[in-house]
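Student: Supplied in C-alpha cells, the structure appears directly below.
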Amino acid sequence: MFFLTLHAPLLCGQGTAAQISGIATDAPGASIPGATVLIVSQGAGARREVTTNQTGAFIAYEMEPGHYRITVTAAGFETVDSNVLTLTIGQKSTFNVALKVGGSKQTVSITSAGEQLNTTSAEISSVVDENTIRELPLNGRDPSTLVFLSPGVTNVMNTSIGERQAGTSIPTQTGASAGGGRQGSTYYLLDGVSNIDTYELLAAPFPNADATQEFTSYLPGNDQTHALG
C-alpha cells in the first residue's frame, strides 16, 4: 500500500491518519488515572487533549503527520514536557511516560528520545521524507515511482505480465509488484483517498513530487503478499 501526502492541508482519512497511545505511570510503575495529555502540533498549532483512563492509558486518533509537543500533567506530580515526537503517515506511535511525585509547577523537559516503536500492530513500513523526495532523481518527477525504493518491489509494467489498454492509458502509469504480486495487487492512496485507475488496476496520476510531503509503504502483519508499496 502506497501513501502520499501533499503540502496542502491534510485531510486525515482512513490510512493516512496517525495515532499516539501510551500509559502514564508513577516512579514505582503504578498507573495514573485522570492525567491530562496535551498534544500540540508544532507546524499547524492544532491542539488535542486526552485523559488517561483507570489503567493510566490514553490514545489520540486521527492525528496528522508532523512534529508534536506533548505535555503530561497530573495532580501531585511533576509536569512532563516533551517536544521530540514525530508522526509519519499512518504511524501508530507509543509514548509511555513516568511521572515523579512533586508540585505541578515543577516541569521535567524531554529534549531527546529513542525511536518511537509501533507496539500496537505487526505492520512493516518504510517512510521517505520530504528532503529525500526533493533530492531523489525521479524519472519524470512522478511520486508513484518512490514505491520502488521498498525492498522486493518492482514495476509490473516492466514485466511480461503487465498490461495497458492501448491508446487510452497514461504512458507513465506504474503498478507496483511486491514479492511477485500481480497487476492490481497494490493499493494507492492520496491523502487518504483511493488513487487507482480501476480499469487498468494501476496507479492513477499523482501531483508533482515537489508538492509531496512524504510517503509510506507498508505490509500488514500477515502472510499475504499484497498491499506493499
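The values are calculated or read from the model by the stated rules, or taken from the named source; none is laboratory data. Note that the coordinates shown come from a computational prediction; the quantities given were computed from them, not determined experimentally. Methodologically, a virtual Cβ is constructed for each residue, glycine included, from the backbone with ideal geometry; neighbour enumeration extends over all protein chains shown. These accessible areas exclude ligands, DNA and RNA; they are computed on the full protein's heavy atoms, side chains included. Shrake-Rupley method; radii C 1.70, N 1.55, O 1.52, S 1.80 Å.
Student: Please pick out the residue among Phe206, Phe148, Phe215 that is open to solvent by less than 70 Å² (accessible area, probe 1.4 Å), modelled with pLDDT under 75 and within 27 Å of Leu87 (Cα to Cα).
Tutor: The unique qualifying residue is Phe215.
Student: If only one of Thr225, Thr168, Thr172 is touching a helix residue (DSSP H, G or I) at 6+ places or on another chain (Cβ under 7 Å), among the hydroxyl-bearing types (Ser, Thr, Tyr), modelled with pLDDT under 75 and open to solvent by 30 Å² or more (accessible area, probe 1.4 Å), which one is it?
Tutor: Thr172
Student: Same structure again: Within the range 1-36, can you find the residues that are at pLDDT 65 or above and not in a strand (DSSP E or B)?
Tutor: Thr16, Ala17, Ala27, Pro28, Gly29, Ala30, Ile32, Pro33, Gly34, Ala35
Student: Of the residues that sit in the range 180-194 and are surrounded by 19 or more Cβ atoms within 10 Å (Cβ to Cβ) and polar (S, T, N, Q), which one is nearest to Phe148 (Cα to Cα)?
Tutor: Thr186
Student: Would you tally the residues in the range 37-46 being part of a strand (DSSP E or B) and not hydroxyl-bearing (Ser, Thr, Tyr)? Before the answer, list the steps.
Tutor: Initial filter on the range 37-46 (part of a strand (DSSP E or B)): 37-41.
Next, from what is left, pick out any that are not hydroxyl-bearing (Ser, Thr, Tyr): 37-40.
Selection size over the range 37-46: 4.
Student: Here's something else I'd like to know. List pairs: first in the range 59-73 and in contact (Cβ under 8 Å) with a residue 60 or more places away in the chain, second crowded, with 19+ Cβ neighbours inside 10 Å and among the β-branched types (Val, Ile, Thr), Cβ under 7 Å, 6+ apart or cross-chain?
Tutor: Correct list of pairs: Pro65/Thr5; Pro65/Thr88; Pro65/Ile89.
Student: Suppose we filter Glu49, Glu62 for residues that are in a strand (DSSP E or B) and at positive phi; which single one remains?
Tutor: Values: Glu49 fails: at positive phi.
Exactly one of Glu49, Glu62 is in a strand (DSSP E or B) and at positive phi, namely Glu62.
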